[in-house]
Amino acid sequence: MENVSKNFIETVIEQDIREGRCDEVCTRFPPEPNGYLHIGHAKSILLNYGLAQEYQGKFHVRFDDTNPTKEKPEFVEAIRADIEWLGADCEGNLFYASDYFEEMYEAAVKLIKKKKAYVSDLTADQIREYRGTLTEPGKEDPYASRSVEENLQLFADMKEGRVADGEKVLRARIDMSSSNINMRDPVIYRVAHMKHHRTGEQWCIYPMYDFAHPIEDAIERITHSICTLEFEDHRPLYDWVVRELEYENPPKQIEFAKLYLTNVVTGKRYIKRLVEEGIVDGWDDPRLVSIAALKRRGFTPESIKKFVELCGVSK
C-alpha cells in the first residue's frame, strides 16, 4: 500500500473520525466581503475544499458580513467569481453571517441571562485602558455589576435604536485577569446605525467577529474550523462561546501558517490602500497577487492549485 504522508490537519481529522467525534467532515471558507481575495486566500480555499473532498464531506462558503462599514456587494460578487474559478464547488452551501443575526441576538440574550454578558457604557479608549497589558491584569468594568434585568433592557434599547453609536457595548463576562487579553471581557456587540448590504436598516447592532464566527460554525455544523495562525490566541474565546451557548458537537478550531510571498503585497488592507489611493489600476492590476490579477496575467486554476500543494501545510 502506498505510504502517503499526512499533514497535521489530516491527522487531527482522521483521529476525530476514528474516535467517533465526527460522522461527516464539514469545512468552510469564511471571507469578509471587504476586498478581493489574494493568493493567501487561495491556499485557504483549496485547503478547506480539498479536505472536504478527501473525506467525502461538505464544503461551505460563508460571507462573514458582520461589519457594514467596510463591505460592498461588489466584493461579494468578486469573491464568488474567484472561488468558482479556482474550482472549489460548495454545491449550493453558500451562506452569509447576516442569515444568522437573529440567532446571534438570541445567543447574546442567553449569555446575559446566564450572567455571562453585560452592557457597558465605557468608551473604546476606556475599555482599552481597563483591559491592562501583557504584563498587567485588567481592571473590573464599573458596569459589570448591572442586574440581568437591567442588562436585558439596555441590550433591547441598543437593538431598538435608542442608543447612539459608541454609547454602549455588550461585553462577555469572562476573566479580567486572564493571561490571554482576548479573554478579558471582550466586546461581543456594538451599535452601528449603518445600512447593511443585505439586511438594509433592519439592524443597528452588529456582533463582533470573535463572537459571530463560532456561532456561524456551530449553526452550520462545521466540524473543523480551519483558520490562519493569528487566530490561535482567539481559540480560547471561540471555545468559550460554543461551550457557554451549549452547542452539541461544537466545531474544533485548527490553525495553520499563512502563505506569504516575498517582494509582493499580500495583506488585504494594504492592497486596498494601493487601490483606493490610485497607485494601482484596480484590484486586478497585474502587479498584484490578487486572484483576479493572477487570472488576468494568464495563470490557470491548476497552476495555482499546484503552487499551493507544493507550499504544503504547516504551523
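The table for this structure:
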item	result
Isotropically averaged projected area of the range 87-129, using the convex hull of Cα atoms (one quarter of hull area), nm²	5.9 nm²
Student exercise, the range 144-281 dipole from Lys, Arg, Asp, Glu Cβ charges, in Debye to nearest 20	260 debye
Set of lysines near Lys159 by C-alpha distance (under 29 Å), chain-local residues within fewer than 8 positions excluded	Lys70, Lys72, Lys110, Lys113, Lys114, Lys115, Lys116, Lys139, Lys168, Lys195
Whole-Hz couplings from phi, Karplus 6.51/-1.76/1.60, listed for the range 107-116; x for Gly and Pro	5, 5, 4, 4, 5, 4, 5, 7, 6, 10
Cα shape, the range 141-198, gyration tensor, a/c 1.5 rule	oblate
Cα-centred dipole magnitude for the chain, charges only on beta-carbon of K, R (+1) and D, E (-1), debye, nearest 20	520 debye
Gaussian network model of the chain, springs between alpha carbon atoms under 10 Å - residue of Pro250, Pro142, Pro236 with greatest fluctuation	Pro142
Reachable lysines, given that their alpha-carbon falls under 16 Å from the alpha-carbon of Lys306 and they are not under 8 places away in the same chain	Lys43, Lys295
Lys72 paired with Asn34, simple spin-label distance in nm, labels 7 Å along Cα-to-beta-carbon	1.5 nm
Kirkwood-based Rg to Rh ratio, the range 4-111, C-alpha trace	1.02
Cα-only Debye scattering, the range 152-238: base-10 log of I(q)/I(0) at q = 0.12, 0.21, 0.22 Å⁻¹	-0.46, -1.09, -1.13
Beta bridge orientation in the chain: antiparallel %, DSSP, nearest 5	50 percent
Proximal charge balance of Ile205 [Cβ under 9 Å; K/R count +1, D/E count -1]	+2
Tensor-based shape of the range 70-148 (alpha-carbon gyration tensor, a/c under 1.5 rounded, otherwise prolate or oblate)	prolate
Local net charge near Val148, Cβ-Cβ under 10 Å (Lys/Arg +1, Asp/Glu -1)	+2
Centroid-to-centroid separation of the range 214-264 and the range 84-161 [C-alpha atoms, Å]	17 Å
Listed candidates (i) 1.05; (ii) 1.11; (iii) 1.29 - label of the one calculated as Cα Rg over 2.2 N^0.38 Å	(i)
Efficiency of FRET between Glu276 and Lys6 - r from beta-carbon atoms, R0 45 angstrom, step 0.05	0.60
The range 158-315: C-alpha gyration tensor shape, a/c 1.5 cut-off, then a/b vs b/c	oblate
For the range 65-215, average projected area of the Cα convex hull in nm²	10.3 nm²
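The numbers here are math on the coordinates, done by the rules we state, and not lab data. Computed from a predicted model, the values in this text were never measured in an experiment. Neighbour counts are summed over all protein chains in view; Cβ atoms, including those assigned to glycine, are modelled from backbone coordinates with ideal geometry.
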